[in-house]
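Input: a single structure, listed below in structure tokens.
The values are calculated or read from the model by the stated rules, or taken from the named source; none is laboratory data. Computed from a predicted structure; not experimentally measured. Quick reminder, even Gly has a Cβ in these numbers, built from the backbone with ideal geometry, and neighbours come from all protein chains shown. Note: accessible area is taken over every heavy atom of the protein model, side chains too, but ligands, DNA and RNA are not part of it. Shrake-Rupley method; radii C 1.70, N 1.55, O 1.52, S 1.80 Å.
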Amino acid sequence: MTTQAPAEACDLLIEAGWVVPVVPHGMVLEQHAVAVRQGEIVAVLPIREARQRFEPREVVSRPHSALIPGLVNAHTHNPMTLLRGIADDLPLMEWLQGHIWPVEGAVIGPQFVADGITLSVAEMLRGGTTCANENYFFPDAQAAVYKRLGFRARVGLPVIDFPTAWAKNDDEYFDRAIEVHDQWRDDALVSTAFVPHAPYTVSDASFERIRMLADQLDMPIHLHTHETAHEVEESLHKHGQRPLARLDRLGLVTDRLVAVHMTAVDDAEIALCAERGVVVVHCPESNLKLASGFCPVGRFEKAGVVLAIGTDGCASNNDLDMFGETRTAAQLAKAVAGDAAAFSAASALRAATLGGARAVGFEDRIGSIEAGKRADLACVDLARIETQPLHHVISQLVYAVGRHQVTDVWIDGHRKLEDGRLADLDPDALIANAREWRSRIASIRID
């Protein structure tokens, strides 16, 4: 006579019609469950086996839903959500220099940053995003808000060649960067990266200093580069080299580099990214809206480059909808490549999850549903009219799902969205605060 082993305790058992673990690539597990203990995924197994093996404190049953890794927004400027829609239908440099920078100069500060991020976190959670690769000023204020809200983030330490409200000169940018890094270096949710703005706004000396510190402190370098053909032309005129060649000369083209946009690239540059382990972040909707160009995702994918997806900031997108961004990325890649098989649904979903985790440097923690990883998860209701009939789960997630179908979100095993309702944030208060900022920003005169 055999005796049944005693049930294992766990904090949470999520039962789903489908679990999409992302690893192995393209797999869908029907009628599976994910067991969570102390914020960690401890098992992924059929529901019947899970009920026998575990004694959970809480069971969440979603028989008509897909459970996926939380989406990772691999490039964003979340405080700029308060600037959503202030300057549309303009080319990049006119938009940036003629509108965004002047308005930012009038409002930027810790409160602007904190309120913008709080509004952004609410939007991201409602759309299944659980991690952001942040790129903005006042990283100390950013980190504090992300931590308070229990949202996972890689916070950028800015470097740029002109004074801002954050720092007055090169030394102050670096001194303040190290202070913020030291404060957050051991945190479980919030980490730091260097975020030099772009090759056209950062000197060789600053790039060399960034490279040295990034190596010493084991930090990523998150950088807009090759965003437009104009940027490449200017670099050739000023430096006699294309931006990536200049960065390579300065020792930055390594597996630490997270290269954002990458629209104006040639085959040699794609091969160099593949050889060095550079992660490329594709921001298709921002690139389309600013007419910046087309990232050749299909060619990057064929070369073996790790791809991630980002929304960019709400001032140039104008939303933080990673489901919409992933759909655009997959469809645009096919048109650019002239190949309907380019950047498949499974590849796009991987870029939005595990690829993003790699860009943020958290691939050992998040990005796939595997035992030993943290429980950053999102549940997507596939029983809605918009996703019927359901023939292929991953295809529906990429090509048909809307972010309104996200019902539940967990970060580190903590419930952040329940049946579509924010667990820790008051929507009415967020809207009221956003309206106050709207009035203040509307009063700013741009000469």
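Summary table
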{"read-out": "Pair list, Cβ under 7 Å, 6 or more apart: the stretch 134-152 residue under 20 Å from Asp376 (Cβ atoms) and touching a residue at least 12 places away in the same chain (Cβ under 8 Å), other residue assigned to a helix (DSSP H, G or I) and among the aliphatic types (A, V, I, L, M)", "value": "Gln142/Val113; Gln142/Ile117; Ala143/Val180; Val145/Ala114; Val145/Ile117; Tyr146/Ile117; Leu149/Val121; Phe151/Val121"}
{"read-out": "Matching residues, the stretch 86-112, being more than 25 Å from Glu234 (Cβ to Cβ), open to solvent by 40 Å² or more (accessible area, probe 1.4 Å) and in a loop (DSSP other than H, G, I, E, B)", "value": "Ile86"}
{"read-out": "Ile431 vs. criteria surrounded by fewer than 16 Cβ atoms within 10 Å (Cβ to Cβ) and β-branched (Val, Ile, Thr)", "value": "yes"}
{"read-out": "Residue that is farthest from Phe323 (Cα to Cα) [pool: residues in the stretch 232-286 that are assigned to a helix (DSSP H, G or I) and basic (Lys, Arg)]", "value": "Lys238"}
{"read-out": "Any chance Gly150 is among the small types (Gly, Ala, Ser), open to solvent by 10 Å² or more (accessible area, probe 1.4 Å), modelled with pLDDT of 95 or more and at positive phi", "value": "yes"}
{"read-out": "From Ala329, Ala345, Ala375, residue being under 19 Å from the mean Cα position of the chain (by Cα), surrounded by 24 or more Cβ atoms within 10 Å (Cβ to Cβ) and free of Cβ contacts under 8 Å to residues at least 60 places away in the same chain", "value": "Ala329"}
{"read-out": "Any hit, the stretch 61-68, residues being open to solvent by 10 Å² or more (accessible area, probe 1.4 Å), under 21 Å from the mean Cα position of the chain (by Cα) and touching a residue at least 60 places away in the same chain (Cβ under 8 Å)", "value": "no"}
{"read-out": "Condition broken by Val195, with the remaining ones in (1) in a helix (DSSP H, G or I); (2) touching a residue at least 40 places away in the same chain (Cβ under 8 Å) satisfied", "value": "(1)"}
{"read-out": "Given (1) surrounded by 20 or more Cβ atoms within 10 Å (Cβ to Cβ); (2) in contact (Cβ under 8 Å) with a residue 60 or more places away in the chain, number of the condition Ala229 does not satisfy", "value": "(1)"}
{"read-out": "Close pairs from the stretch 90-117: first farther than 20 Å from Phe138 by Cα and in contact (Cβ under 8 Å) with a residue 24 or more places away in the chain, partner acidic (Asp, Glu) and assigned to a helix (DSSP H, G or I), Cβ under 9 Å, at least 6 apart", "value": "Leu92/Glu231"}
{"read-out": "Some residue of the stretch 132-141 being outside any loop (DSSP other than H, G, I, E, B), open to solvent by 10 Å² or more (accessible area, probe 1.4 Å), of a type in the set (Gly, Ala, Ser) and under 25 Å from Arg365 (Cβ atoms)", "value": "yes"}
{"read-out": "Yes/no for Arg185 being open to solvent by 10 Å² or more (accessible area, probe 1.4 Å), in contact with a Gly (Cβ under 7 Å, 6 or more places away or on another chain), over 25 Å from Arg299 (Cβ atoms) and among the charged types (D, E, K, R)", "value": "no"}
